[in-house]
Ligand SMILES: Cc1cc2nc3c(=O)[nH]c(=O)nc-3n(C[C@H](O)[C@H](O)[C@H](O)COP(=O)(O)OP(=O)(O)OC[C@H]3O[C@@H](n4cnc5c(N)ncnc54)[C@H](O)[C@@H]3O)c2cc1C
Ligand code: SF4
Ligand code: SF4
């Protein structure tokens, strides 16, 4: 099939692109403002393929300054988008450890002791130090709290009502079509195949869509972005090595909640010093809350689900959450490389936008507005080229899209943020000081060194727990878990003093129950597995099976063979397995022994 423009993924980046483009393709009387090259007499044919089953099934916080969103939709604050609220009170909290179970450095333990000793003179409440001010770079004053799902549904309706753009959910793109250095469209995923991708009943090969321009906005773990990075390489000095998995609950707050709509809480320090948390309050007593577990948290048993429960149970937060109820949940990888990981933004026939192109600002904790802004920049560039009847060559895209992007606030702020997190390579205290330095000096000063590949950082279970558990104790835990076919993290956390989770069937529920309660896991029949263990022999010898421990849906689990098993029916599509592997891929040590390919399904809720 032929189109003029084909887009991969419908996240905020592509939404920004389509929202800007769609308005300019036809005139006020409905006649084409620009003519299609593949359908003469018609406006350009623009197709967008989204792998999730609906256009509003993304996962994100979201608190945003909404600068780019407001530029596209000046009426956005009063547009009646469900779950939207203006930002109100903002707080940054350092959470102390009420149980003494987290792994804290000596420096941090000293700081904690000082805070506890001076608590009568400091704003300390319920084991939390409320920072006296929110650093300017973190503030979202005059911004908005949104639900990603609700916002994307609203934008989707705006875009599709123009009649000039088609968005196809439930349609994963399997690969970009490449000839030499040129991209000339995309191929959709094969259907009617077995788990390994071999043709079976009702085999339908993925359709090829040829287009003069392919817009790649497939996010931080997208298969097409990965393919282009593999085929074209990254620019010198660039690398994508920093990630985090964000797990989020949407919660009905108790009826007598004191939290006002618009409240924004950011936390650090607990349940482990490396874990950041957020809580945003929507209207009608609903809150979005969650944690980020980063790739520089060097634990081989880093589970997000159980840590999220301990975080909710922290006394500062639990007094607000007790008697609350889970509405939905989800998890997704956040690409934390920022400009460290910026790929080639353009090439002949393609352009990259959004988080997969390095837009996320790790200093300000902002990704939606940045992704959206790059989408709008590309749309303006495309209109300019279409009107001038110029082809989508690398040079033309650089002179239009590249130029706009380089001149924008996304670029300027991304540069300030570029090295702000490098300090975390050396520990949490250095990381926090590095962030503050970069934030307060506009990126002129920073600490730390360039990140290394995540697999290089993962210690053995024995080394990680060395100071707290003997090798014999760990061996016993391993044996017990093996007999029950369980991952290790639960038993090891119990052993080092983490209290049991007091399940209440409402908010504190088992991982399996959350999969049933908080949305719907979709795994349409007839598609191949999207998680692949590249070299099973490496898995057989692997000591730290972090892929199992970190899996957000318990979809990767121990098997008899020594190679983990994968169950697509439980996969929430967070993409965390892509970077949670302790072995390098021998063919390319920048990557690990696990592949995350294009796939269907996932855990979906339109509230996330
Ligand atoms: C838990 C969490 C909390 C966050 N909180 C905030 C916050 O408070 N504020 C903020 O500004 N940012 C926040 N972010 C970051 C923000 O969500 C991202 O920066 C933003 O969504 C990036 O937009 P994008 O369009 O580039 O990519 P994405 O949102 O990742 O969208 C990419 C889309 O492409 C689709 N796709 C991928 N591969 C394919 C394929 N092969 N075929 C078809 N479709 C495909 C995906 O399904 C997805 O819909 C948060 C992120 C997470 C995970
Ligand atoms: S995928 Fe990676 S972490 Fe998991 S068992 Fe295989 S080598 Fe180990
Ligand atoms: S298998 Fe699925 S749920 Fe598990 S880490 Fe990978 S993408 Fe996430």
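The values are calculated or read from the model by the stated rules, or taken from the named source; none is laboratory data. Everything quoted here is computed from the prediction, not taken from an experiment. So basically every Cβ, Gly included, is an ideal-geometry build from the backbone, and we count neighbours across all protein chains shown.
A few notes on this one:
- Any hit, segment 221-233, residues being buried (at least 24 other Cβ atoms within 10 Å of the Cβ), assigned to a loop (DSSP other than H, G, I, E, B), touching a helix residue (DSSP H, G or I) at 6+ places or on another chain (Cβ under 6 Å) and on the phi > 0 side of the Ramachandran plot: no
- Helices (runs of 4 or more DSSP H) within segment 496-608 that include 2 or more residues more than 26 Å from residue 461 (Cβ to Cβ) and away from ligand 3 (no atom under 11 Å from the Cβ): 511-517
- The listed residue being touching a strand residue (DSSP E or B) at 6+ places or on another chain (Cβ under 6 Å) and not assigned by TED's automatic domain parsing to the domain that holds residue 436, out of 471, 467, 506: 506
Let's see how each residue does on (1) within 16 Å of ligand 3 (Cβ to nearest atom); (2) within 28 Å of residue 70 (Cα to Cα); (3) surrounded by fewer than 24 Cβ atoms within 10 Å (Cβ to Cβ); (4) not assigned by TED's automatic domain parsing to the domain that holds residue 589:
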residue	(1), (2), (3), (4)
352	no, yes, no, yes
370	no, yes, no, yes
392	no, no, no, yes
406	no, yes, yes, yes
425	no, no, yes, yes
429	no, no, yes, yes
433	no, no, yes, yes
438	no, yes, no, yes
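- Scanning segment 309-329 for residues that are closer than 18 Å to residue 553 by Cα and crowded, with 24+ Cβ neighbours inside 10 Å gives a single hit, 329.
Table: residues versus (1) crowded, with 24+ Cβ neighbours inside 10 Å; (2) at pLDDT below 95.
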{"residue": "541", "(1), (2)": "no, yes"}
{"residue": "548", "(1), (2)": "yes, no"}
{"residue": "566", "(1), (2)": "no, no"}
{"residue": "575", "(1), (2)": "yes, no"}
{"residue": "593", "(1), (2)": "no, no"}
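- Checked across segment 316-330, the condition of being out of contact with any helix residue (DSSP H, G or I) (no Cβ under 9 Å at 6 or more places or on another chain) and under 24 Å from residue 401 (Cα atoms) holds for no residue.
- Residues in segment 560-580 that are within 14 Å of ligand 1 (Cβ to nearest atom) and farther than 15 Å from residue 519 by Cα: 575, 576, 578, 579.
- Condition check for residue 580: within 30 Å of residue 280 (Cα to Cα), touching a helix residue (DSSP H, G or I) at 6+ places or on another chain (Cβ under 6 Å), within 15 Å of ligand 2 (Cβ to nearest atom) and not assigned by TED's automatic domain parsing to the domain that holds residue 290: yes
- Some residue of segment 35-54 being under 28 Å from residue 188 (Cα atoms), in contact with a strand residue (DSSP E or B) (Cβ under 7 Å, 6 or more places away or on another chain) and within 16 Å of ligand 3 (Cβ to nearest atom): yes
- Test: residue in segment 445-454 that is without any contact (Cβ under 8 Å) to a residue 24 or more places away in the chain and assigned to a loop (DSSP other than H, G, I, E, B): yes
- Inside segment 545-559, residues that are within 16 Å of ligand 1 (Cβ to nearest atom) and in contact with a strand residue (DSSP E or B) (Cβ under 6 Å, 6 or more places away or on another chain) make up a count of 1.
- Just one residue in the set 462, 537, 549 is within 16 Å of ligand 2 (Cβ to nearest atom), closer than 20 Å to residue 591 by Cα and more than 27 Å from the chain's Cα centre (by Cα); that residue is 537.
- Residue match in segment 148-161 (condition: away from ligand 3 (no atom under 16 Å from the Cβ), assigned to a strand (DSSP E or B) and touching a strand residue (DSSP E or B) at 6+ places or on another chain (Cβ under 9 Å)): no
- The number of residues in segment 161-170 that are surrounded by 19 or more Cβ atoms within 10 Å (Cβ to Cβ) and near ligand 1 (Cβ under 10 Å from one of its atoms) comes to 0.
- Unmet requirement for residue 523, which otherwise passes all of (1) surrounded by 13 or more Cβ atoms within 10 Å (Cβ to Cβ); (2) out of contact with any helix residue (DSSP H, G or I) (no Cβ under 6 Å at 6 or more places or on another chain); (3) at negative phi: (2)
- Residue check, residue 450 crowded, with 19+ Cβ neighbours inside 10 Å and more than 25 Å from residue 548 (Cβ to Cβ): no
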